[in-house]
Amino acid sequence: MTSTAPKLPPLPVLRALDRVRDLLGGLYRRLVPGHIALLELQIAGFLSQAISAAADLGIADELDAGPRTASQLARALDVDEEGLRRLMRLLVSYQVFGQRRDGAYTLTRMGTALRSDAEVTLRDVARFFGSPFHRSHWSHLSDAVRTGEAVGPAIDGASFFEYAATHREIGDLFDRAMSSVGTLSIEPLLAAYDFGRFDALVDVGGGQGNLLAEILRRHPAAHGTVFDLPGVVDDLTAELAEAGLAARCTVESGSFFEEVPAGADAYLLKHIVHDWSDERAEQILRTVRRAMAPSATLLLIELVLPEHDRPHPGKFIDLEMLVNTDGGHERTETQFRDLLARSGFTLTRTVPTAAPDCVLEAVAH
Ligand SMILES: C[S@@+](CC[C@H](N)C(=O)[O-])C[C@H]1O[C@@H](n2cnc3c(N)ncnc32)[C@H](O)[C@@H]1O
């Protein structure tokens with residue numbers, strides 16, 4: 001079980017920082033010649049891949065033991081020294097790693113997040129996004145835009161979750177990456193929403209169970225169930241036992257298109273609805289509604305697309321949904337309200353958090 005994220009600054013401070021970044025970035029892109037601004041955005045993809053290469057090679061883990069010169073690092077990682085210097089030159093210029101006056105490379109705040117055992121590790125996220133599997137899908141973004149359909153079936157012969165179920169090296173990497181991304185938002189979610197008012201919770205499509213595990217750790221009277229596909233939760237019971245939660249957290253497997261565990265006070269669906277078309281999302285929500293007691297609460301945890309035209313993580317992930325899911329997409333608050341209403345729920349409130357996620361609270365009507 002991974003632990004929670006370090007504390008973030010308060011929400012208003014983060015929002016102010018976002019605005020300053022957007023303002024300065026927007027001003028810069030308006031002032032420099034258009035082709036320069038565009039080229040810079042285009043080659044930012046190289047930087048993303050360089051971070052993935054650093055994650056693949058395990059550079060942060062090696063630097064965790066202390067500063068290393070290029071030759072020490074190259075020897076330890078068994079890579080070409082000149083290739084490594086070139087990779088590090090780019091990454092040092094963006095503070096992913098540091099470099100001392102004597103040339104030795106060091107870990108920075110960002111580089112620390114690439115360590116395998118960092119409190120919030122993004123190593124597997126970087127490896128998944130940079131993997132040939134994921135990159136090859138994104139190379140077909142224009143096809144996805146042309147057809148409005150995921151590219152996976154044409155490339156892999158299966159939808160993403162079907163492929164991940166039979167190719168566990170990709171499935172495991174994806175599960176670990178999702179679990180790390182999930183860890184990022186746990187602390188902000190717990191700070192923004194009182195999960196302690198529920199006695200029994202079901203984490204539907206709960207993956208590695210990190211959110212539920214942390215809720216249970218903080219609220220010793222609560223108990224819960226992680227529900228996900230069979231292959232995904234096979235080892236989870238042992239992990240929960242190791243985390244001391246065996247008595248209060250059960251694991252059940254199945255499909256949320258058919259049935260989910262009944263009778264809990266709260267049903268959490270974190271980053272589930274965005275994977276699916278409105279039609280399929282409605283099916284999932286109706287399955288959950290059938291399992292819920294009338295007084296139970298539904299909690300969707302999702303990126304809520306803002307109406308403004310400034311950058312927002314949801315706008316990136318929305319394209320990820322276009323490329324890799326069968327009709328999945330991010331939604332505005334109005335779209336969530338409509339989807340919930342069609343599925344038999346009333347949206348009671350939308351709670352923002354210091355992470356990009358919001359908690360959308362709903363009750364059955
Ligand atoms: C984007 S991940 C989110 C995982 C977790 N809630 C989190 O936030 O870290 C989507 C999850 O839905 C699960 N899933 C996909 N299809 C499912 C199905 N038919 N029934 C149950 N779970 C499913 C996947 O295995 C995966 O764990």
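Quick note: the coordinates plus some simple rules give every number you see, no bench work behind them. Everything quoted here is computed from the prediction, not taken from an experiment. Ideal geometry is used to build each Cβ from the backbone, glycine not excepted, and the neighbour counts take in all protein chains shown.
Compute the angle between helix 168-192 and the longest alpha-carbon principal axis of the chain, please, reported from 0 to 90 degrees and rounded to the nearest 10. The angle comes out near 70 degrees. Rounded to the nearest 10 degrees, the angle from helix 278-291 to the longest Cα principal axis of the chain is 50 degrees.
Of the trypsin sites (Lys or Arg not before Pro) found in the stretch 200-290, not one falls in a DSSP loop while having at most 12 other beta-carbon atoms within 10 Å. What FRET efficiency do you get for residue 310 and residue 71 if R0 is 51 Å and r is their Cβ-Cβ distance, rounded to the nearest 0.05? The calculated FRET efficiency here is 0.70. DSSP loop (so not H, G, I, E, B), at most 10 other Cβ within 10 Å: list which trypsin sites (Lys or Arg not before Pro) in the stretch 1-103 pass both filters. Here the sparse-neighbourhood loop sites are 7, 100, 101.
When only the Cβ of Lys, Arg, Asp and Glu is charged (+1, +1, -1, -1), the dipole of the chain relative to its Cα centre reaches about 1400 debye.
Angle of helix 333-342 to the longest C-alpha principal axis of the chain, folded into 0 to 90 degrees and rounded to 10: 30°.
A simple spin-label model places the labels of residue 335 and residue 117 4.2 nm from each other, with each point 7 Å out along Cα-to-Cβ.
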